[in-house]
Amino acid sequence: MSRGESNHDRFERYVMNEIPIRLIRLSDMKFVGRNDVRRHFRSSVPEGTETYLPQEYVNYAVLSHRWLDDGEPTYEEMKMGTATGPGYEKLKSFCEKARGYELEFAWSDTCCIDKSSSTELDESIRSMFRWYKHSAICIVHVAQSENIQDMAGDEWFERGWTLQELLAPNAIKFFNKHWRPMTSHYNDKNSPSPILEILARDTGIPWDVLECFTASPTSVDQRMTWAARRKTTRVEDVAYSLMGIFDVSLQIAYGEGGDRAFCRLIEAIMQAGDPSILNWKGEPARHPSSCAIPLSPESFVGSQHLEHKHGPLEMAMTSLGLRMSLVILPLKCHFKFKDGYDGFTVLDNPLVLPRDTHIQCDPWSREYALGIVNYSLLGGSHGVLAIRGKSAGVVLSRFLCRRRNIPRPERNDIVGLRCVSCPLEESGGWKLEYVGLVCFDFPRTLNGILVL
């Protein structure tokens, strides 16, 4: 809200930027644009300095559903008035339910976007989370469910885009395959709706988050697990469908491939500096300069969820890899035996790591370290290093150092410079080991903080 902004200015800005480009007018099933919506709701804007929130007056319904394999109404068919088939029957049922909420406008992702316009498609995908957030009601059609007990197996819970359609709206109403309400509650996201318990159980999303979700690039490890088992038809949509949840924006580029799209998503999230983005396991993505990018949301499944206080890390992706500031502590490799004869190596730092922390390593060609993520400098950038007693970090490795001499050039080769040859220390850059964040305790800390 801008300082000194009038109610009319606030209304104009909201309608032209925060609602869908195109809505369906329920009275005649015709498309209307933002200018039509502005004219319709203009009389609701109070004069003077009375507090005015446009989203409480500019109301519309949105549809959340599993697309049919074919037969969904298109923008062109709706514009020409030739839409027919099972998809159009579904759209009419949705609009009928929206009228029951005394609404005059509705939006569906099947027909309200002109997908022949790359500009409109780009804006729609980037804005979709906000459009669902600002809706008066999100009507969910679970087409394979008869009652609440059937919902766990419904495909609606398996699709990538329906995750943000569940999280973004403030009010949701579920309808079964016959378009009958699943509960008697107005809003199925609020307690004591019986659906809320099923949603939390089947999605892994806590109750309080379902009731009131805030989009942000935080708790990355936890939020990625919500999307890990979901599928999308276009591989790039794995990344695009998560933009709104993490409150980041990407240029839409279908055809770039799923790996590249997901790498761009991770890079955008990294700018916020939340260390939880490092809490993943498995193989990294194919990135041109860094091995610190996970392959997909599934990479975050199985990582230990760590509750630790920290400030944001300074992260920046460069042509040489990921740059970030860490406190580095050396780790030692120990050779141990399993089943009496099978040898393997583990990392150990008795002052930091718990005794049961075993990470396979290569002690002959690599050196290892622990990079602490939640530290602070008391007194500014040149102050005293402080580390919390309960901390978290990442396991790093690099090739062992070796020294070699650089050939000394002749004096005549470089005019005006004094040439001095010296040994060059060679080592590779630190590489992230794909084991997720590691939790540990420093001994004998004062008030939970170790001052170095």
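The values are calculated or read from the model by the stated rules, or taken from the named source; none is laboratory data. Because the structure is a prediction, the values reported are computed rather than measured. Heads up, the Cβs are rebuilt from the backbone with ideal geometry, glycines too, and the neighbour counts pull from every protein chain shown. These area figures cover heavy atoms from the full protein model, side chains too; ligands, DNA and RNA do not enter into them. Shrake-Rupley method; radii C 1.70, N 1.55, O 1.52, S 1.80 Å.
Things to note:
- Counted charge near S116, where neighbours are those whose Cβ lies closer than 12 Å (Asp, Glu -1; Lys, Arg +1): -1
- When H65, H134, H8, H178 are compared by accessible area of protein heavy atoms, the largest-first order is H178, H8, H134, H65, using a 1.4 Å probe.
- The range 1-153 - percent of accessible surface contributed by carbon and sulfur, probe 1.4 Å: 46
- Among the listed pairs K133/K390; K30/K115; K79/K231; K30/K231, those whose Cα-Cα separation exceeds 26 Å are K133/K390; K79/K231; K30/K231.
- Based on the Kirkwood approach, the hydrodynamic radius assigned to the range 65-155 is 14.7 Å, with every pair of different Cα atoms included.
- Computed 3J(HN,Hα) for the range 180-195, one whole-Hz value per residue from the Karplus formula 6.51 cos²θ - 1.76 cosθ + 1.60 where θ = phi - 60°, is 9, x, 7, 9, 8, 7, 5, 10, 7, 8, 9, 5, x, 4, x, 5, glycine and proline marked x.
- Projection of the Cα convex hull of the range 208-250, averaged over all directions and equal to a quarter of that hull's surface, yields 3.3 nm².
- Across the range 160-317, Cα-Cα pairs farther apart than 21 Å form 49% of the total.
- Between E5 and R180, the modelled label-to-label distance comes to 4.6 nm, taking each label 7 Å out from Cα in the direction of the beta carbon.
- Over the Cα atoms of the range 9-140, the radius of gyration divided by the Kirkwood radius equals 0.97; this is the Rg/Rh ratio.
- Accessible surface of the range 247-308 [probe 1.4 Å, protein heavy atoms]: carbon and sulfur percent: 44
- Under conditions of 20 °C and 1.002 mPa s, the range 1-76 yields 149 µm² s⁻¹ as its translational diffusion coefficient, taking Rh as the Kirkwood radius over Cα pairs in the Stokes-Einstein equation.
- Accessible-area ranking of D70, D9, D109, largest first, probe 1.4 Å: D70, D9, D109
- Each label point was placed 7 Å from the Cα along the Cα-to-Cβ direction; for V301 and L320 their separation is 3.7 nm.
- Sparsely packed chymotrypsin sites (Phe, Trp or Tyr not before Pro) within the range 185-234, loop by DSSP, other Cβ within 10 Å at most 13: Y186
- Measuring only protein heavy atoms, the 1.4 Å probe finds I245 accessible over about 0 Å².
- Extension gain, Y57 to K30, is 7.6 nm, computed as 0.36 nm per intervening residue step minus the present C-alpha separation.
- Once backbone amide H atoms are built at 1.01 Å from N, F105 has L26, A61 as its partners under 5 Å, excluding neighbours fewer than 5 places away on the same chain.
- Accessible-area ranking of D259, D122, D441, largest first, probe 1.4 Å: D441, D259, D122
- Relative to its residue count, the range 122-250 spans a Cα convex hull of 105 Å³ per residue.
- Taken one residue at a time, the phi angles of the range 85-94 give Karplus couplings (6.51, -1.76, 1.60, θ = phi - 60°) of x, x, x, 6, 4, 4, 4, 5, 5, 4 Hz. Gly and Pro are set to x.
- The residues of the range 81-182 present an accessible area of 38 Å² per residue when probed at 1.4 Å with all protein chains retained.
- Under 5 Å from the amide H of S64 lie the amide H atoms of I139, V140, H141, each residue being 5 or more positions distant or on a separate chain, with H modelled from the backbone and absent for Pro and chain starts.
- Compared with the direct C-alpha span, the chain from K115 to E96 gains 4.3 nm at full extension, assuming 0.36 nm per residue.
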